[in-house]
Amino acid sequence: RARDRACPLSKPRPSLGRTCNMAGRDKRKADADASKSAAKAGKKANTAAGAKGAAASKSKAHHDSLSATERAYLAWMKSAGVRLTGVSIGVFPGTGRGCLAVTDLKQGDVVVEVPESAILTAETCCAKDALRQFFDGELDSAPRLDREALVLAVMCEIARGNESNLAPYLNQLPNLRATHSPLAWRADELYELKGTTCLHRTFDQEDESAELPSMTHEHWRLVAKPFFEKYPQYKVSDDELFLKKTYLHATALVAGFSFTLGEEDDDEDEEAFEGCVPVNDENDGDEHPDHSHDHEQPHQSTQAMVPFWDMLNHVEPNRACVRLEYDEHAQVLKMVMVRDVKNGEQVFNTYGALGDDELLRRYGFVSPHNPHGGNAEVSLREVVA
């Protein structure tokens, strides 16, 4: 009885078997949870690895789609210290080859960096000493002669063929006909431009300040031909007709693919890319800095061929995707995004607010619905003749 009365007051204890069952159930639940967590982590890792693998596969497919010449050009740029970040060579309907965004690009991203050592100027080419002697110090005071000197520099590098340090860069540039410059047109094609300012400025107008191509025949006779007569070791050929054709080719390349670095730009209608924008820390934190007039203002300008900068096609100034600037401390030319561009889209520069006559003369194309003047300009003298 004493035990019977004590029983209701004692705390019931679970049996050993029940305790074991509960412990087993808890362990199985923990194991299941751990398994789910591991599966989830594995799925996440597989997803990340899959995305990375897909991106790598897409990158390889894009690389394989390029020509051997273009792949050699990309390899050369890498070896020359040119950095492409999020961009590559692409082909687009309507414009042909251009700059392709291979990832989403954001405003402020630096997508191209070109060291000074990779650009071509009259002062860096294989014939720099001969050019310096030939022009006898006049390059600093005459921008037109600086452009002509670059034409000769391009010719001298072309003459070296694959021995040129710049061969992979020069090889991927278009041949004369493919520039679509009027310099490459046949006589019957040029006849279609008769009476236009485009034709007049290309061959006849005497204006030393005009952008290339201008006064083409006169500068062949007074500049290019005398240079190669004095320095025949830089000739691409002893055949004068072939040499002149190379001159026309080099002129079309300098006209359509070179940049004027360090030029003060006081005219809003001038090319927006002429004159590098200096690095300016005062704009840090400014959400919408105004870059329309902050071009560098050095004592002189330099005409240069800049790898990959010339890959970008033209749009109206207010639709440009990039600005070009020079980091003097690092001695690097940079291309900086001024608007967002999505993966797979084309990245554009602007050649300025130019009418079709100037776009055709200098770059070999016209722009549909050009707000700065479509069709061709015809002089009043031609109208009343």
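The values are calculated or read from the model by the stated rules, or taken from the named source; none is laboratory data. This structure is a prediction, so every number in the text was calculated from the model and none was measured. Glycine gets a Cβ as well: all are built from the backbone with ideal geometry, and neighbour counts include every protein chain shown. Just the protein is used for accessible areas: all its heavy atoms, side chains included, with ligands, DNA and RNA removed. Shrake-Rupley method; radii C 1.70, N 1.55, O 1.52, S 1.80 Å.
Per-structure values
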item	result
Single match in Glu163, Glu208, Glu192 (criterion: under 30 Å from Ala68 (Cβ atoms), of a type in the set (Asp, Glu) and more than 23 Å from the chain's Cα centre (by Cα))	Glu163
Matching residues, region 67-94, being in a loop (DSSP other than H, G, I, E, B), open to solvent by less than 60 Å² (accessible area, probe 1.4 Å) and of a type in the set (Ser, Thr, Tyr)	Ser67
The lone exception for Thr251 - which of (1) in contact with a Pro (Cβ under 8 Å, 6 or more places away or on another chain); (2) assigned to a helix (DSSP H, G or I); (3) open to solvent by 50 Å² or more (accessible area, probe 1.4 Å) it fails	(3)
Selection count where residues are of a type outside the set (Ser, Thr, Tyr) and more than 16 Å from Gln346 (Cβ to Cβ), scope region 71-111	15
Of the criteria (1) open to solvent by less than 60 Å² (accessible area, probe 1.4 Å); (2) part of a loop (DSSP other than H, G, I, E, B); (3) among the polar types (S, T, N, Q), which one Thr246 fails	(2)
Of all residues making up region 172-229, the number that are basic (Lys, Arg), assigned to a helix (DSSP H, G or I) and under 20 Å from Leu241 (Cα atoms)	3
Output for region 171-207, where each listed residue is in contact (Cβ under 8 Å) with a residue 60 or more places away in the chain and exposed (fewer than 12 other Cβ atoms within 10 Å of the Cβ)	Asn175
Residues located in region 143-167, provided they are open to solvent by less than 10 Å² (accessible area, probe 1.4 Å), closer than 14 Å to His219 by Cα and of a type in the set (A, V, I, L, M)	Ala149, Leu150, Val151, Leu152
Qualifying residue in region 112-122 (condition: part of a loop (DSSP other than H, G, I, E, B), open to solvent by less than 60 Å² (accessible area, probe 1.4 Å) and hydroxyl-bearing (Ser, Thr, Tyr))	yes
Selection status of His369, open to solvent by 30 Å² or more (accessible area, probe 1.4 Å), at positive phi and more than 18 Å from the chain's Cα centre (by Cα)	yes
Matching option when the condition is among the aliphatic types (A, V, I, L, M), open to solvent by less than 80 Å² (accessible area, probe 1.4 Å), touching a helix residue (DSSP H, G or I) at 6+ places or on another chain (Cβ under 9 Å) and at pLDDT 90 or above, among Ala353, Ala376, Ala330, Ala320	Ala353
Out of Asp129, Asp140, Asp64, sole residue that is more than 21 Å from Ala330 (Cα to Cα), open to solvent by 60 Å² or more (accessible area, probe 1.4 Å) and part of a loop (DSSP other than H, G, I, E, B)	Asp140
